[in-house]
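Heads up, the thing below is written out as structure tokens.
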Amino acid sequence: MSKPKFVYVTYVRTTPEKLWAALTDPQTIRKYWLGITAESDWKPGSPWTLKFEDGRTADTGEILEAVAPRRLVIRWRNEFRPELKAEGYSRCSMEIEMADYYPDRGGKAVKLTIHHELEGEVGSKFIEAVSVGWPKVLSNLKSLLETGDVAFAA
Amino acid sequence: MSDKPKFVYVTYIAAPPEKVWEALTKPDISEKYWFGYRVVADGKPGDQMTATSPAGKLSHRDPILVSDPPRRLVYGWKALDKLPDERASRVTFELAPFNGQTRLTVIHDDFDEGSKMFEMISKGWPAVLSSMKSFLETGRGLAPSWDDEATRCAAEAGA
């Protein structure tokens with residue numbers, strides 16, 4: 001078997017700049033990330049933390065790359081589930097591309113591609129967990145940008 | 001575990017399962033988000049699912065294997081126009097109520113190793129399903145990336 005990896009693509013009717021802002025603004029993240037928010041200054045080398053509403057730390061890591069509004073890479077480890085934390089750090093990349101639009105149809109879409117995999121060779125529980133979480137978070141993010149509301153609350 | 005290709009995609013849609021079911025099975029709705037394709041899939045097991053391109057060309061005619069509205073739909077998948085020589089694969093749609101809305105899981109499997117169709121549908125489904133979510137939530141589907149040949153072919157293969 002190849003190493004477990006989560007890959008997800010979604011198209012959003014928005015601009016790359018608005019999508020980048022939604023991925024990096026704590027107040028916006030709070031709206032779609034199921035009660036979780038992120039803290040970071042989003043500069044390469046800076047710490048990054050996901051926190052629950054009550055202030056507990058969910059996940060920690062480091063910004064590896066940040067090229068607004070195109071590419072964000074985070075080194076990422078779970079902190080609140082010992083069996084996931086034991087699998088060590090993962091690497092999550094988020095790529096934003098403007099999809100050219102079809103002139104006869106109008107409209108345009110931004111393509112967001114998420115790749116998430118462990119740095120190490122051993123373990124699958126972390127990737128299983130994010131495979132459940134990402135579709136919820138990204139569905140909510142798309143709804144928020146297109147309709148002003150999330151698909152469902154936390 | 002098998003290494004045979006399998007595509008899985010989950011999306012959450014702010015619409016009831018009945019509306020998602022209609023969007024998957026009724027051509028008047030599919031053509032609004034599925035790149036203009038008219039997809040007919042509202043028959044019983046043993047009936048045919050068909051998909052017709054905006055130019056009126058038949059691109060799919062496959063058996064419906066399971067139809068349990070609004071929960072589970074399974075049909076065969078062979079691209080008559082793009083890859084007529086590759087044997088049929090299988091698409092499963094699972095719809096579940098979730099917080100008053102719908103969790104839609106699409107599983108596309110039963111491919112041979114090295115399948116060309118698998119590569120195409122892996123690009124096509126995210127575009128089709130993103131557009132369907134937009135259509136059901138905002139009344140407008142998406143028209144992504146049609147100037148990009150790879151995505152255009154994949155999207156057409158996704159119909």
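Am I reading the A/B interface right? What is its buried accessible area, both sides, 1.4 Å probe, to the nearest 100 Å²?
What A and B bury together is about 2400 Å².
With a ≥ b ≥ c taken as the square roots of the eigenvalues of the C-alpha gyration tensor of the stretch B:1-113, please select rounded if a/c is under 1.5 and otherwise prolate if a/b is larger than b/c or oblate if it is not?
Oblate, since a/c reaches 1.5 and b/c is not below a/b.
Please identify which residues in the stretch A:53-74 have an amide N closer than 15 Å to a label point set 7 Å out from the Cα of A:Glu17, following the Cα→Cβ vector.
A:68-70
How much length would be gained if the chain were fully extended between A:Ser2 and A:Val122, taking 0.36 nm per residue of separation minus their Cα-Cα distance, in nm to one decimal?
42.1 nm
Using a 1.4 Å probe over the heavy atoms of the protein chains, calculate the carbon and sulfur portion of the accessible area of chain A as a whole percent. Write out the running numbers ahead of the final one.
Values: 3580 of 7220 Å².
Of all accessible area on chain A, carbon and sulfur atoms account for 50 percent.
Normalising by the residue count of chain B, find the relative contact order in percent from Cα pairs under 8 Å and 6+ residues apart. Intermediate results must be reported in sequence, preceding the final value.
Details: 349 pairs, mean separation 42.7, N = 159.
Relative contact order for chain B comes out at 27 percent.
So, in Å, what gap is there between the alpha-carbon centers of the stretch B:27-55 and the stretch A:1-72?
37 Å
Looking at this model, which pairs from B:Lys6/B:Lys116; B:Lys32/B:Lys133; B:Lys78/B:Lys133 are more than 20 angstrom apart at the alpha-carbon?
B:Lys78/B:Lys133
Enumerate the residues in the stretch A:116-133 having an amide nitrogen under 13 Å from the point lying 7 Å beyond the Cα of A:Glu95 toward its Cβ.
Label zone hits: A:116.
Explain nothing, just compute: Karplus ³J(HN,Hα) = 6.51 cos²θ - 1.76 cosθ + 1.60, θ = phi - 60°, for every residue of the stretch B:44-50 in order, whole Hz, x for Gly and Pro.
9, x, x, 6, 9, 8, 10
Please average, across the residues of B:133-142, the number of beta carbons from any other chain that are within 10 Å of each residue's own beta carbon, and give a whole number. It would help to have the intermediate numbers written out before the result.
Numbers: counts 8, 9, 0, 0, 7, 4, 0, 4, 4, 12.
Whole-number average of other-chain Cβ neighbours for B:133-142 is 5.
Residue by residue through the stretch B:124-136, what is 3J(HN,Hα) from phi via Karplus (6.51 cos²θ - 1.76 cosθ + 1.60, θ = phi - 60°)? Round to whole Hz and write x for glycine and proline.
x, 4, x, 5, 5, 6, 4, 5, 5, 4, 4, 4, 5
I'd like to check one number: the per residue accessible area of the stretch B:1-116, probe 1.4 Å, reported in Å² as a whole number.
Working: 5540 Å² over 116 residues.
Heavy-atom SASA per residue in the stretch B:1-116 reads 48 Å².
Could you tell me the calculated FRET efficiency between B:Arg71 and B:Arg140, based on Cβ-Cβ distance and R0 = 22 angstrom, to the nearest 0.05? Numbers along the way, then the final one.
Details: r = 27 Å, r/R0 = 1.23.
After rounding to 0.05, the efficiency reads 0.25.
What does the highest-first list of A:77-87, A:127-137 look like by mean Cβ count within 10 Å?
So the peptides A:77-87, A:127-137, ranked by packing, come out A:127-137, A:77-87.
Can you pull the percent of chain B's accessible area that's carbon plus sulfur, 1.4 Å probe, other chains left in place? Let's see the in-between values first.
Details: 3360 of 6800 Å².
Of the solvent-accessible surface of chain B, carbon and sulfur hold 49 percent.
Mind checking A:140-148 for the average number of partner chain beta-carbons within 10 Å of each residue's beta-carbon? Present the calculation step by step, with values, prior to reporting the outcome.
Numbers: counts 2, 0, 7, 8, 0, 0, 7, 4, 0.
The shielding value for this peptide is 3.
Subtracting the Cα-Cα distance from 0.36 nm times the residue separation, let me have the gained length for B:Lys4 to B:Ala88 in nm, one decimal.
Length gained between B:Lys4 and B:Ala88: 28.8 nm.
Multiply the residue separation of A:Glu39 and A:Arg70 by 0.36 nm, subtract the distance between their alpha-carbon atoms, and state the gained length in nm to one decimal.
On the way: separation 31, 0.36 × 31 = 11.16 nm, distance 1.95 nm.
Stretched fully, the A:Glu39-A:Arg70 segment lengthens by 9.2 nm.
The values are calculated or read from the model by the stated rules, or taken from the named source; none is laboratory data. From a predicted model like this one, the values you see are computed outputs, not experimental measurements. Cβ atoms come from the backbone with ideal geometry, glycine included; neighbour counts cover every protein chain shown. Protein only, heavy atoms only, side chains kept; ligands, DNA and RNA dropped before computing areas. Shrake-Rupley method; radii C 1.70, N 1.55, O 1.52, S 1.80 Å.
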